[in-house]
Amino acid sequence: MSLTTPNAVLVLEDGSRYEGRAYGAEGTTFGEIVFATGMSGYQETLTDPSYAGQIVLMTAPHIGNTGMNDKDMESRRIWVAGYAVRDASRIVSNFRAERSLDNDLDHEGIVGIQGIDTRAVTRHIRSKGSMRAGIFSGAAAAEPAEVQLSQVLEADQMAGKNLSAQVSTQEEYVVPAVGEKIGSVAILDLGVKTSTVNYIAERGFDAHVLPQTVTAEQILAMKPSALFFSNGPGDPAASDKHVELLSTVLKAGIPFFGICFGNQLLGRALGFSTYKLPFGHRGINQPVLDKATGRVEITSQNHGFAVDAPIDGVLESPAGFGRVEVSHYSLNDQVVEGLRCLDINAFSVQYHPEAASGPHDSNYLFDRFRDMVLASATTSGASN
């Protein structure tokens, strides 16, 4: 990187400042500052729609050496609001690379910063919690500190924010079943990743990816074998229409599987509340306990909100859907990481079993989903 690269500064809403050098596009950007702990898979992180509205700080010190390619894209574009790294690679040295990370950030207008002490920022966020932040690079870096801070404080909070419309597909599309077709799945795109759709299609389902504006009546008219709610950004408390949609479809007896944001929306449909975590879970090394098997899974996660429910015992759904239990929980802080309904065909997990860059400990959940749908169809056929 040239020594003449314009300066840049990361400003947090509590007044903390971290000076570095411009990375990617020059200008100004605002978002919630969060840290991601993955040592690899930065392209999957950048193109995960769940990161919309967030300035992502990478804890791995060296970023960009494997470049970027079209195959590893998890969606149609980079979604992060900003990007902060310690050491940006000066060269690309991977045979799969088609271009550099710096070029992609610049091309897509993503304002970033490099050369800052990311460990210090991470420790600060872990102590104070995630907060609003801004990156000012190029000419914007020379603005008075008080002006920069005032702009950060005027930015939106993540709590109460609905971002589904920003990341969802505008038109329905279908990924055909791979191999023998056994049914169809209606996928509500709240920020779905390419891997998710492919994994569902590989289980023998036509994957119908639907815009977030779809209604319960439209889904029921499709007569799908199951409904799936994807991951996505924003506050689940600001997505009441999706909760109502899910409640209607659950009452119709259609099997359901949800991940990440979908887990939070199932929790709310069952009658539980959600809350904002101090600094969230982000990265590809999060330990989760599967209560049914006692197995510990190393998972990929990206969430700043969680379902508020006790992790022990069988619960009664406050919304009248019968018995529910927390199926998985975090071994770091006992946060709810999965829900399983005992009287209806529905379950969800808070983490990402579709993580393309790994780990793949939880990929079996797509098989569990397939088995649930097949069992439900058999039971339904017998009752008819």
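Values quoted throughout were computed directly from the atomic coordinates according to the rules given, and no laboratory measurement underlies them. This one's a predicted model, so the numbers in the text were calculated from it and none came from an experiment. Quick reminder, even Gly has a Cβ in these numbers, built from the backbone with ideal geometry, and neighbours come from all protein chains shown.
Counting only Cα atoms, the stretch 164-383 measures 41, 37, 34 Å along its principal axes, largest extent leading. Taking 0.36 nm per residue of separation and subtracting the Cα-Cα distance, full extension of the segment from residue 285 to residue 180 would add 34.3 nm. Give the residue from 82, 147, 35 lying farthest towards the positive end of the charge dipole for the stretch 7-154; charges sit on Cβ (+1 for Lys and Arg, -1 for Asp and Glu) and the dipole is referred to the Cα centre. Looking along the dipole axis, the top candidate is 35. Between residue 198 and residue 87, the simple spin-label model (points 7 angstrom out along Cα→Cβ) gives 3.1 nm.
Taking Cα centre as origin and charging only the Cβ of basic (Lys, Arg, +1) and acidic (Asp, Glu, -1) residues, the dipole magnitude of the chain rounds to 440 debye. The GluC sites (Glu not before Pro) found in the stretch 158-242 that occupy coil by DSSP, while having at most 12 further C-beta atoms within 10 Å, are 171, 180. Given their separation in residues at 0.36 nm each and the Cα-Cα distance between them, residue 292 and residue 251 gain 12.2 nm when the chain is fully extended.
Panel order for 379, 293, by other beta carbons found within 10 Å of each beta carbon, from fewest to most: 293, 379. Its relative contact order, with pairs defined as Cα atoms under 8 Å and 6+ residues apart, puts the stretch 7-154 at 37 percent. Under 18 Å of direct C-alpha separation, and excluding same-chain neighbours fewer than eight residues apart, residue 128 reaches these lysines: 276.
Length gained on full extension, residue 332 to residue 277, computed as 0.36 nm times the residue gap minus the Cα-Cα distance: 18.5 nm.
Each Cα pair under 8 Å and six or more residues apart adds its sequence gap; the mean of these over the residue count of the chain is a relative contact order of 14 percent. Each label was represented as a point 7 Å from its Cα along the Cα-to-Cβ direction; for residue 240 and residue 150 these points are 3.6 nm apart. I'd like the trypsin sites (Lys or Arg not before Pro) in the stretch 270-367 restricted to DSSP loop residues with at most 10 other Cβ atoms within 10 Å, sorted by number. Loop-located and lightly packed - none at all. Modelled label positions at residue 213 and residue 342, each set 7 Å beyond Cα in the direction of Cβ, lie 4.2 nm from each other. Entry for the chain at q = 0.11 Å⁻¹: log10 I(q)/I(0) = -0.76, Debye formula applied to identical alpha-carbon scatterers, no solvent contribution. With the charge dipole of the chain set up from +1 on Lys and Arg Cβ and -1 on Asp and Glu Cβ about the Cα centre, the Cα lying farthest toward the positive end among the listed residues 313, 346, 267 is that of 313.
Taking every alpha-carbon pair under 8 Å whose residues sit at least 6 apart, the stretch 164-383 reaches a relative contact order of 17 percent.
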